[in-house]
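Have a look at the structure below, then the notes.
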Amino acid sequence: MSKGIKYLTFVSLLIVSVLTLTTTVTFAKNIRDAGLEDFFDNTINSKVEKYHIPNATVAVVKDGEIVYKKGFGFADIENNISVDADTTLFRIGSTSKLITWTAVMQLVEDGKLDLNADVNTYLDFEISPQLEKSLKKTTIKPITMTHLMTHTSGFEDYPDMLFRLSADELLPLNEYIRNYLPTRIFPAGEVAAYSNYGTALAGYIVESVSGLPFSEYVEKNIFTPLNMNKSTYRQPPILDSPARIAKSYRFINGSYTEGSFEYILPEPAGSMSSTASDMSKFMIAHLGSGAYSGGRILKEETLEEMHKQHFTHDPALGGMTLGFMEGIFNDKRVLFHGGGTMLYSTGLYLVPEVNTGIFISYSGGNHLLHSEVFQEFMDYYYPIKAQIKEVPSEGSEERAKKFKGEYQMNRKSITTDEKINSILGGGIINVDVDEDGYLLVTNVGETNKFIEIEPSVYQNLRQGRTQDYFGPFHKIVFKTDPFGRIMLSTDGPMTYSKAPFYSTMSFTVLAIISIILIILCSLIYWIIRMILGLFKRGKNKNSRLATIAQWIEICTSITVVILFVGILSSGNVDPIYQLPREAYIPVEGKSLLDFIPTLILFFSFLLVSFTVIAWRKDFWGRLARTHYSLFTLAVLGLTWIFYYWNLIS
């Protein structure tokens, strides 16, 4: 290295150091004056008004102290009871997982768990080493605790086993773990796919190894040492006065409507209720030496290991620590975890570089509000200069074309009828390419422009907050998944694989609409034909087989119409819980609609048979036979769609 280069390198590092120091000192000064309170008061109040948030709670910690905590709105609107940051509990959803992972690390610290051992070592039942479908012959590694904590266990996901409105629907953890053991669809350690079951399994291992029920273990070993005496996993919480849980509301038609208490399945993955004050103590312990006010939960070296990156799909991306999601916000490494129930939303953010943590929880409104507030906080205290929007390099458009398509979330089911949720549940990213070679990436309804910064790695040209539940979404990397499909990876515990054309939402919707139109037109055609036949003079020349063929088509058409009318009438999203009722009030047994796809399969066999007979025996005219054949093909297409999405019983 020449002296000139060395000199320039030294000057550059010096400038960076000075700028970093200046920023840190400025923040340390501002956070203890009225600036922080004014920022959060103004920011949260504006969000409360904009998104009709009925209640919220916020806490900020810095250098081992709680420097801000406040409640907003009403814990009980009817009785005019305000939110109190010390005594009002909120349901924090998946942010609860951070407690579960902390419990795991305590047992690792005690030598009772090995992060790299087969989890079957700690279970009283066996998780099969077998993978599903085309990967069955793959030699796979056993699932370890590290895989569970980085969401790379390879389990499929069952989204309908998350929420209930009745305590009678709850299952003990040991029963849940056995009854809802998911299929393994990816080799462990290869694909990031967020898993509630994986966290539940870890919680069950905590129970098994410690000899205590999970909720009792965390109360004794985490809540009590940190004096988190208003926190609990129990459902509903058992509270001492003046503690109370904030009632959940949704703003509907100009007024707030109260929701019922939500029971979360499974317990270790999201059932915790807590206050902003209690979560502040948890953040201080994780940002510091593993202790708060004399109570210790982890050693410093254990915290250091927990907070290190343990998985990422590419060095350009943030990934997963042992439990925390990892992302770069305004050039600072952030450890975080969001949480959402049907009615509550939560975000917990740690910025270790400046020893700062933020906790936000609320009911109703926008599920991404907490990330919006955190990004505004980072922009206010740690602003960064907007990057120059570079022009794509030569050949960018051609290289990007192979990435065009629909990418579906790898957190999904492939063996149950919930498979179709991969296109109905919002877990889709669409990638397109413009004429200049930029990628146009649409995620959660927002389209951002990405530029190639190295082969298969793209940078988002938009600064600040983006629409994503699992990270900042500032970079994406294209890899190949175990099935050989192009896989889109980004920060945190989620990946998306490119869907073949026949499983995309656009193809499926277009195919169903086309099929229904053909079937409806056919029904009208045959009804008109039969009516006109009644007025024809002379004997109807149709054979009995031809008449049966007509009636099979008519019956099939009516069956299909009944099915889709039933789906449209039963699939309405509840305005309070924002999910179809079946997602939180399971239907006992099977309804008539569940059997209709199988009935249509039976009709399709009959239609194929009578199509062949119609052509051999010259039923009707050539045009009518062609129409009958087209109808049969439409029904076969519909049957294939039902089969592909596991809708045939």
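The values are calculated or read from the model by the stated rules, or taken from the named source; none is laboratory data. Everything quoted here is computed from the prediction, not taken from an experiment. Cβ atoms come from the backbone with ideal geometry, glycine included; neighbour counts cover every protein chain shown.
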TODO: Please give the number of the condition Leu98 fails out of (1) over 19 Å from Lys281 (Cα atoms); (2) modelled with pLDDT of 95 or more.
DONE: (1)
TODO: Go through the range 202-231 and count every residue that is over 18 Å from Ala269 (Cα atoms) and outside any helix (DSSP H, G or I).
DONE: 8
- [ ] Answer yes or no: is there a residue in the range 286-295 that is buried (at least 23 other Cβ atoms within 10 Å of the Cβ), more than 22 Å from Ile360 (Cα to Cα) and in contact (Cβ under 8 Å) with a residue 12 or more places away in the chain.
- [x] no
- [ ] Quick one: in the range 519-551, of everything that is under 18 Å from Leu623 (Cβ atoms) and of a type in the set (Phe, Trp, Tyr), which residue is modelled with the highest pLDDT?
- [x] Tyr525
Task: Given (1) in contact (Cβ under 8 Å) with a residue 40 or more places away in the chain; (2) under 23 Å from the mean Cα position of the chain (by Cα); (3) in the same structural domain as Asn42 (by TED's automatic domain parsing), index of the condition His370 fails - done: (1)
Task: Candidate set: the range 451-473, residues that are among the charged types (D, E, K, R) and more than 22 Å from the chain's Cα centre (by Cα); chosen: the one surrounded by the fewest Cβ atoms within 10 Å (Cβ to Cβ) - done: Glu454
TODO: Looking only at the range 560-573, decide whether some residue is over 26 Å from Thr632 (Cα atoms), within 37 Å of the chain's Cα centre (by Cα) and at pLDDT 85 or above.
DONE: yes
Open item on the list: Going through Leu322, Leu343, Leu303 one at a time, which residue ends up being touching a helix residue (DSSP H, G or I) at 6+ places or on another chain (Cβ under 7 Å) and within 30 Å of Glu262 (Cα to Cα)?
Closed with: Leu322
- [ ] Considering every residue within the range 188-197, establish whether at least one is of a type in the set (Asp, Glu) and within 30 Å of Phe483 (Cβ to Cβ).
- [x] yes
- [ ] Among the candidates Ile414, Ile429, Ile420, single out the residue that is in a strand (DSSP E or B) and in contact (Cβ under 8 Å) with a residue 40 or more places away in the chain.
- [x] Ile429
- [ ] Give the residues of the range 556-577 that are surrounded by 14 or more Cβ atoms within 10 Å (Cβ to Cβ) and either of a type outside the set (Val, Ile, Thr) or out of contact with any helix residue (DSSP H, G or I) (no Cβ under 9 Å at 6 or more places or on another chain) (or both), sorted by residue number.
- [x] Ser557, Leu563, Phe564, Gly566, Asp574, Ile576, Tyr577
Open item on the list: Can you report the number of residues in the range 615-649 which are in a loop (DSSP other than H, G, I, E, B), surrounded by 15 or more Cβ atoms within 10 Å (Cβ to Cβ) and under 33 Å from the mean Cα position of the chain (by Cα)?
Closed with: 4
TODO: Mind telling me which of the residues Ser215, Ser210 ends up being without any contact (Cβ under 8 Å) to a residue 60 or more places away in the chain, in contact with a helix residue (DSSP H, G or I) (Cβ under 7 Å, 6 or more places away or on another chain) and crowded, with 19+ Cβ neighbours inside 10 Å?
DONE: Ser215
- [ ] Pick out the one residue from Val612, Val587 that is within 30 Å of the chain's Cα centre (by Cα) and β-branched (Val, Ile, Thr).
- [x] Val587
Open item on the list: Looking only at the range 592-603, count every residue that is without any contact (Cβ under 8 Å) to a residue 40 or more places away in the chain and either assigned to a loop (DSSP other than H, G, I, E, B) or under 17 Å from Ile554 (Cβ atoms) (or both) and tell me the total.
Closed with: 2
Task: From the options Ser609, Ser604, residue that is among the hydroxyl-bearing types (Ser, Thr, Tyr) and either within 25 Å of Leu510 (Cα to Cα) or not assigned by TED's automatic domain parsing to the domain that holds Trp526 (or both) - done: Ser604
TODO: Return yes or no: is Arg234 assigned by TED's automatic domain parsing to the domain that holds Ser345, assigned to a strand (DSSP E or B) and among the charged types (D, E, K, R)?
DONE: no
TODO: Within the range 444-456, work out how many residues are closer than 21 Å to Gly427 by Cα and either touching a Lys or Arg at 6+ places or on another chain (Cβ under 9 Å) or among the acidic types (Asp, Glu) (or both).
DONE: 4
TODO: Could you check how many residues of the range 552-599 are of a type in the set (A, V, I, L, M) and under 26 Å from Ser260 (Cβ atoms)?
DONE: 9
Open item on the list: On the basis of being touching a residue at least 60 places away in the same chain (Cβ under 8 Å), assigned by TED's automatic domain parsing to the domain that holds His52, at negative phi and over 23 Å from the mean Cα position of the chain (by Cα), does Gly357 make the cut?
Closed with: yes
Task: Single residue of the range 157-187 satisfying the filter (farther than 26 Å from Gly484 by Cα, touching a residue at least 60 places away in the same chain (Cβ under 8 Å) and of a type in the set (D, E, K, R)) that is surrounded by the fewest Cβ atoms within 10 Å (Cβ to Cβ) - done: Glu169
TODO: Filter the range 412-426 down to residues that are surrounded by 21 or more Cβ atoms within 10 Å (Cβ to Cβ) and touching a helix residue (DSSP H, G or I) at 6+ places or on another chain (Cβ under 9 Å) and give me whichever is farthest from Phe155 (Cα to Cα).
DONE: Ile423
TODO: Go through the range 578-591 and give me each residue that's of a type outside the set (Lys, Arg), surrounded by 15 or more Cβ atoms within 10 Å (Cβ to Cβ) and either free of Cβ contacts under 8 Å to residues at least 24 places away in the same chain or in a helix (DSSP H, G or I) (or both).
DONE: Pro580, Ala583
Open item on the list: Can you tell me which residue is modelled with the highest pLDDT among those in the range 316-357 that are assigned to a loop (DSSP other than H, G, I, E, B) and within 29 Å of Glu452 (Cβ to Cβ)?
Closed with: Thr321
- [ ] Of the numbered conditions (1) touching a Lys or Arg at 6+ places or on another chain (Cβ under 6 Å); (2) assigned to a loop (DSSP other than H, G, I, E, B), Thr199 fails exactly one; give the number of that condition.
- [x] (2)
TODO: Taking the options Ile512, Ile554, name whichever one is of a type in the set (Val, Ile, Thr), at pLDDT 85 or above and either within 41 Å of the chain's Cα centre (by Cα) or under 18 Å from Ile420 (Cα atoms) (or both).
DONE: Ile512
